[in-house]
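Notes follow the structure.
The values are calculated or read from the model by the stated rules, or taken from the named source; none is laboratory data. Predicted model only: the values in this text are computed from it and were never measured. Positions of Cβ are backbone-derived with ideal geometry, glycine not excepted, and every protein chain shown enters the neighbour counts. For the accessible areas, the whole protein counts, side chains as well, though only heavy atoms, and no ligand, DNA or RNA atoms are used. Shrake-Rupley method; radii C 1.70, N 1.55, O 1.52, S 1.80 Å.
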Amino acid sequence: MTFEYDERREAARYFGAVMEERRKALGISRDELAEKSGVSKSSIDNYAVGRCEPTALAIVRIAAALRTTPNYMLDIDWKGM
């Protein structure tokens with residue numbers, strides 16, 4: 001499956017929005033999220049605003065730090081497949 005540039009950018013913005021929503025719900029700062037996930041603070045900042053796409057490893061680490069799953073972070077629902 002090939003994604004167009006706009007779709008990839010939209011997915012990056014969605015990930016950032018979910019990350020920020022979950023981070024705020026847990027009451028942790030971006031600095032704390034960076035520390036807990038092992039992902040740099042500058043990357044966390046970039047993901048938060050959809051400036052760049054996270055790697056698969058970053059998604060897994062951030063999801064774990066936010067006590068959720070990569071599927072949740074990416075809005076993947078396998079039940080409908």
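You can think of it this way: the chain between Asp45 and Asp31 has 4.1 nm of extra reach, that is 0.36 nm per residue less the Cα-Cα gap. Rolling a 1.4 Å probe over the protein heavy atoms gives the chain an accessible area of 68 Å² per residue.
For Ser43, the accessible surface of its heavy atoms amounts to roughly 30 Å² (probe 1.4 Å, protein chains only, rounded to the nearest 10).
When the accessible area of the chain is split by element with a 1.4 Å probe, what percent falls to carbon and sulfur?
Reported share for carbon and sulfur atoms: 51 percent.
Looking at the chain, what % of the alpha carbon pairs are farther apart than 14 Å? Please list the in-between numbers first.
Working: 1944 of 3240 pairs.
Cα-Cα pairs in the chain separated by more than 14 Å: 60 percent.
Remark: the chain carries a charge dipole of roughly 280 debye about the Cα centre, counting +1 on each Lys and Arg Cβ and -1 on each Asp and Glu Cβ.
Sparsely packed loop sites in the range 1-56 (the chymotrypsin sites (Phe, Trp or Tyr not before Pro) outside DSSP H, G, I, E and B with at most 14 other Cβ atoms within 10 Å) comprise Phe3.
Solvent exposure of Leu26, expressed as accessible area, is near 50 Å², computed with a probe of 1.4 Å over the protein chains only.
Lys24 exposes around 140 Å² of accessible area when a 1.4 Å probe is run over every protein chain in place.
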